[in-house]
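Notes for the one structure printed next.
The values are calculated or read from the model by the stated rules, or taken from the named source; none is laboratory data. Only a predicted model underlies this, so the values are computations on that prediction, with no experimental measurement involved. Virtual Cβ from ideal backbone geometry, glycine too; neighbours counted across all protein chains shown.
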Amino acid sequence: MTIRVLIVDDDTLVRAGLRLMIETQDDLVVAAEAADGDEAVALARDLRPDVVLMDVRMPGMDGIEATRRITTTPGEDDDSDPPRVVILTTFEIDQYVYDAVRAGASGFLLKRTPPEALIEGIRTIASGDALLSPSVTRRLMREFARATTESGRPTDVTNRDLERLTEREREVLIHMGHGLANREIARELHLGESTVKTHVKRILMKLALRDRVHAVVYAYESGLLAPRPPDGR
């Protein structure tokens, strides 16, 4: 399968570097390039790439708003799933992680990520999985702690959805919310890794979640997990 990638960045040199990296791979191809959020939304709608590499800070529409529109806007001629978005930025800031995930992003990488890791990240996202490292998950959890402390309550997800899950599926979701990979969950729950993968797929299906990243969001917004205090370790 050839993975079609849309590159979005206002820096011409950055786009050229990303294109060069991507085009060295037999299974990846650059579908198009965009220099701002408006162009990215239009190209994503028309071309329906598999993965969008999205910068955050751009003139006009920023990457967060472009991500929100891309992940919620249907294509011109079909009802296929929207492209998956990887936020690619130089800024390792909690709020960007939080806003990107809330906007529908399936992954988050820093621009200093080594080329081989970036390429593997594109493949990971295209396969339907999510790209959220444990360190990013911890930052995301801190941001949920801050937001929950300020509002005094979880956000708009209802607990009724949790009733669709079995007790074991809830356990798996809790461990996902703590940032554990399938192998680590399997070890914690004394299960086979293939069994954990099956539970994860069922959780996503029952809760109508796109990927693992949004399962983490759900775990906190539903109140299943209580975020640690913002200064917690």
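Considering 145, 117, 130, the condition of being closer than 28 Å to residue 183 by Cβ, out of contact with any His (no Cβ under 6 Å at 6 or more places or on another chain) and either of a type outside the set (Gly, Ala, Ser) or modelled with pLDDT of 75 or more (or both) is satisfied by 117 alone. Regarding the stretch 16-35, can at least one residue be identified that is of a type outside the set (A, V, I, L, M, F, W, C), at pLDDT 90 or above, over 25 Å from residue 212 (Cα atoms) and buried (at least 20 other Cβ atoms within 10 Å of the Cβ)? No: the stretch 16-35 contains no residue that is of a type outside the set (A, V, I, L, M, F, W, C), at pLDDT 90 or above, over 25 Å from residue 212 (Cα atoms) and buried (at least 20 other Cβ atoms within 10 Å of the Cβ).
In the stretch 71-110, the residue that is modelled with the highest pLDDT out of those that are within 11 Å of the chain's Cα centre (by Cα) and aromatic (Phe, Trp, Tyr) is 108. Residue pairs whose Cβ atoms lie under 6 Å apart, sitting 6 or more positions apart in sequence or on different chains, and linking a residue in the stretch 191-202 that is at negative phi to a partner that is at pLDDT below 90 and surrounded by fewer than 14 Cβ atoms within 10 Å (Cβ to Cβ), are 193/183. Filter the stretch 200-211 down to residues that are modelled with pLDDT of 80 or more and buried (at least 18 other Cβ atoms within 10 Å of the Cβ) and give me whichever is nearest to residue 84 (Cα to Cα). Only one residue fits best here, namely 209.
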